[in-house]
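Okay, structure first, notes after.
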Amino acid sequence: MLNNQGPGTTPQIQRLIDEFNRLPGIGVKSAQRLAYYLIRMPVAQSEDLSDAILSVKKHIKYCSNCFNLTDQDPCNICQNSRRNEKLMCVVEQAMDVLAFEKAGFNGLYHVLHGAISPIDGIGPENLKIQNLIDRIKSNLFEEIILSTNPTTTGDATALYISRLIQDEPSINIRITIPARGLSVGGDLEYADQDTLRRALDGRRDL
């Protein structure tokens with residue numbers, strides 16, 4: 001992140017560059033381009049952007065059931081009686097829910113908000129894993145699809161959850177993972193709808 005005011009900038013511009021540089025995937029050059037684009041943006045458009053950011057921060061929260069992002073609790077998916085309440089898809093991030101919705105998935109979700117990664121200091125206690133186990137115990141799910149990302153951390157998280165469920169005598173549920181039509185090392189949010197649909201249709205027991 002930039003820390004010093006560069007030549008040709010003002011403190012206000014440098015602060016804007018620094019804030020953009022804080023965002024994931026935004027390097028110094030990209031932060032500079034965004035800052036100068038925003039400066040050229042009409043005032044009304046920049047105010048709309050500011051209002052949208054503030055609205056999200058004020059009104060968006062976690063669903064108390066699935067931990068997806070929502071403006072109401074429970075979220076509209078959990079409240080929808082037409083969903084398959086016996087089928088749950090477990091994903092790492094809320095963005096993954098959007099991907100599966102576009103692929104036509106009609107069950108319920110559980111968002112972990114990350115994956116187990118000891119090197120990054122992320123353990124099971126930092127995720128919504130215990131909430132998942134409690135939810136399975138108190139509902140009549142017949143199948144849980146562990147749709148973590150096909151990465152080392154995603155696979156480790158799926159295996160950890162699978163073992164927790166199998167070690168719980170009060171739980172009798174089918175555990176599956178999507179077919180590996182998904183590219184190894186990729187993120188679900190970037191997968192196309194047809195690939196996700198085929199992966200769901202070809203899921204296998206874990």
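The values are calculated or read from the model by the stated rules, or taken from the named source; none is laboratory data. It should be emphasised that the depicted structure is a prediction, and the values quoted were computed from it without experimental measurement. Glycine also receives a Cβ, built like all others from the backbone with ideal geometry; neighbour counts cover every protein chain displayed. Note: accessible area is taken over every heavy atom of the protein model, side chains too, but ligands, DNA and RNA are not part of it. Shrake-Rupley method; radii C 1.70, N 1.55, O 1.52, S 1.80 Å.
Key figures for this structure:
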item: Over the chain, relative contact order from alpha-carbon pairs under 8 Å, at least 6 apart, %; result: 15 percent
item: Dipole magnitude of segment 101-177, debye to nearest 20 (Cβ charges: Lys/Arg +1, Asp/Glu -1, about Cα centre); result: 120 debye
item: Segment 1-87: relative contact order as a whole-number percent, Cα under 8 Å and 6+ apart; result: 14 percent
item: Solvent-accessible surface ranking, highest first, for Val28, Val43, Val90 at 1.4 angstrom; result: Val43, Val28, Val90
item: Exposure rank, largest accessible area first [Tyr109, Tyr62, Tyr160; 1.4 Å]; result: Tyr62, Tyr160, Tyr109
item: Label selected from [x] 38, 21, 13; [y] 38, 19, 17; [z] 33, 22, 13, the criterion being semi-axes √(5λ) of the Cα gyration tensor in Å as computed here; result: [y]
item: For segment 88-156: rounded, prolate or oblate by the Cα gyration tensor [a/c cutoff 1.5]; result: oblate
item: About the Cα centre, charge dipole magnitude for the chain (Lys/Arg +1, Asp/Glu -1 at Cβ), debye; result: 200 debye
item: Among the listed pairs Lys57/Lys86; Lys57/Lys128; Lys29/Lys102; Lys58/Lys86; Lys86/Lys128; Lys29/Lys128, those beyond 29 Å (Cα-Cα); result: Lys57/Lys86; Lys29/Lys102; Lys58/Lys86; Lys29/Lys128
item: Shape category assigned to segment 1-110 from the gyration tensor of Cα positions, a/c cut at 1.5; result: prolate
item: Neighbour net charge for Tyr160 - beta-carbon separation under 14 angstrom, K R +1, D E -1; result: -3
item: Heavy-atom accessible area ranking, 1.4 Å probe, most first, across Ile129, Ile116; result: Ile116, Ile129
